[in-house]
Structures are given as C-alpha cells and as structure tokens.
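Notes to accompany the following structure.
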Amino acid sequence: MKVADFLLEIGVEEVPDWMITGALADLKRLFVEVFPGVEVATYATPRRLVVAARGLPTKQPDTKETVTGPPTSAGPNAGAGFARHAQDQGPARRRHPQRETAGRDLGHCLA
C-alpha cells in the first residue's frame, strides 16, 4: 500500500502558553487513534497547531456492506422509502433478489 506524508496546520486565536502542551498532546492522541501505526509529530505557536505525519496510507481498504431492507410484508411504500434512503447514503446501489433471513422475506440492496 502506498503511503504519504501529511501536514495539518490549524489556525487559532491566541492560545495561552499553558494550554499549548495539553492541546498538542490531545491532538496527537486523537490522530494516532484514527491512524494507528503512523509516525506523528506536533508543533505549535500561539496562533498555530500543527500535526505532521509520516506513513499515512493514501487510501482506505475497500469494503463491502450488505444493507438489509424492510420485510416484503411491510408493503411497497416501505420498500420505496428504504430505496430513497439508501440512495442518499452513498454511491448508486443495485437491486438484489429477495432473500429469506431468519424466517422473513427481505429485500436486499448492496452497498
């Protein structure tokens, strides 16, 4: 997987000097929680907080998600509402055949 360097500079109002150390520690901790295994350094001035990272992946791994629709017994309006909501949630989805899940017939959409 490709990796890249990353620099985030946040402009802020004048930060008191006693708050900078805690702000940098929190910023680094939060960044490492989201991107584990990445080399992170933080820097600051009274008006800037900076995070520099090395080894940040250039893209996330591909994922596949199956979203289960309403039971077929719920009627056509429930299915139409689900389809509208599913379209708003991301890329185009295609219709899959109905499947039985735990004894119930369900419509499925693939994300």
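So the values come out like this:
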item	result
Rough spin-label spacing in nm, given labels placed 7 Å along Cα→Cβ, for residue 34 and residue 84	3.3
Residue 26/residue 5 FRET efficiency (R0 25 Å; Cβ-Cβ; nearest 0.05)	0.70
Burial ordering of 84, 48, fewest other beta-carbon atoms within 10 Å first	84, 48
Label-zone membership for the range 1-18, site residue 56, 7 angstrom Cα→C-beta point, backbone N under 19 Å	1-12
Neighbour-count ranking [beta-carbon atoms within 10 angstrom, fewest first] of 6, 31	6, 31
Order of 20, 10 under a 10 Å beta carbon neighbour criterion, fewest first	10, 20
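Every number here is computed from the coordinates shown, using simple stated rules; none is lab data. Since we're looking at a predicted model, the values are computed, not measured. Every residue, glycine as well, gets a Cβ built from its backbone with ideal geometry; the counts of neighbours run over all protein chains shown.
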